[in-house]
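Input: a single structure, listed below in structure tokens.
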Amino acid sequence: MAFFAFSKHRPLELLSATDLAMENERLQAENEQLQQAVTSHAVIDQAMGALVVLGQIPPEEAWRALRDVSQRTNMKLRVVAEDVLKFARGGSLPDAELEELRRAVARYQACSPAHQSPEGAVTWEGRPGA
């Protein structure tokens, strides 16, 4: 018995059971990729927030700092963001990554006219273990 369905992407073409199975696999893979993207986005947003607080830089500059560290250390942005979150919680970073992160934050602190360290604010250097 053959099963046929209409293709959403090719409306005039009928799909066999084999084609439907392949399409199902493709859609499942796409779904997994989208779920990974949403998770990565959340981690990156949280790391940006940590840099905003610790580095006293605006969110746009925090994004640029994360991107710079990713590019200069040849690490995926998601991995850099995960490492920044660990660092913000008192963990450690590999020396090369920590140095690039400090450089990036300093670079964007210098660019930000709003950069001020209010009395009692958490500073980059004041982070426990920094």
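The values are calculated or read from the model by the stated rules, or taken from the named source; none is laboratory data. Small disclaimer: the values here were computed from a predicted structure and weren't measured. Glycine gets a Cβ as well: all are built from the backbone with ideal geometry, and neighbour counts include every protein chain shown.
Figures for the structure shown
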item: Residue within the range 36-45 that is surrounded by fewer than 17 Cβ atoms within 10 Å (Cβ to Cβ) and either basic (K, R) or touching a Lys or Arg at 6+ places or on another chain (Cβ under 8 Å) (or both) present; result: yes
item: Residues that are assigned to a helix (DSSP H, G or I) and under 13 Å from D45 (Cα atoms), drawn from the range 58-77; result: P59, E60, E61, A62, W63, R64, A65, L66, R67, L77
item: Residues of the range 1-35 classified as modelled with pLDDT under 75 and of a type outside the set (S, T, N, Q), total; result: 14
item: Search result, residues across the range 85-126 that are of a type in the set (F, W, Y) and at pLDDT 90 or above; result: F87, Y108
item: Every pair of residues 6+ apart whose Cβ atoms lie under 9 Å, when the first sits in the range 27-45 and is closer than 14 Å to R78 by Cα while the second is charged (D, E, K, R) and outside any helix (DSSP H, G or I); result: S40/K76
item: Pick from the range 81-98, criterion touching an Asp or Glu at 6+ places or on another chain (Cβ under 7 Å) and assigned to a helix (DSSP H, G or I), ranking: nearest to Q33 (Cα to Cα); result: D83
item: Cβ-Cβ under 8 Å pairs, at least 6 apart or on other chains, the range 14-26 side free of Cβ contacts under 8 Å to residues at least 60 places away in the same chain, far side among the charged types (D, E, K, R) and surrounded by 12 or more Cβ atoms within 10 Å (Cβ to Cβ); result: L15/E23
item: Complete set of residues in the range 48-74 that are free of Cβ contacts under 8 Å to residues at least 40 places away in the same chain and in contact with a helix residue (DSSP H, G or I) (Cβ under 7 Å, 6 or more places away or on another chain); result: M48, A50, V52, P59, W63, L66, R67, D68, V69, S70, R72, T73
item: Residue match in the range 36-54 (condition: at pLDDT below 95, part of a loop (DSSP other than H, G, I, E, B) and of a type in the set (A, V, I, L, M, F, W, C)); result: no
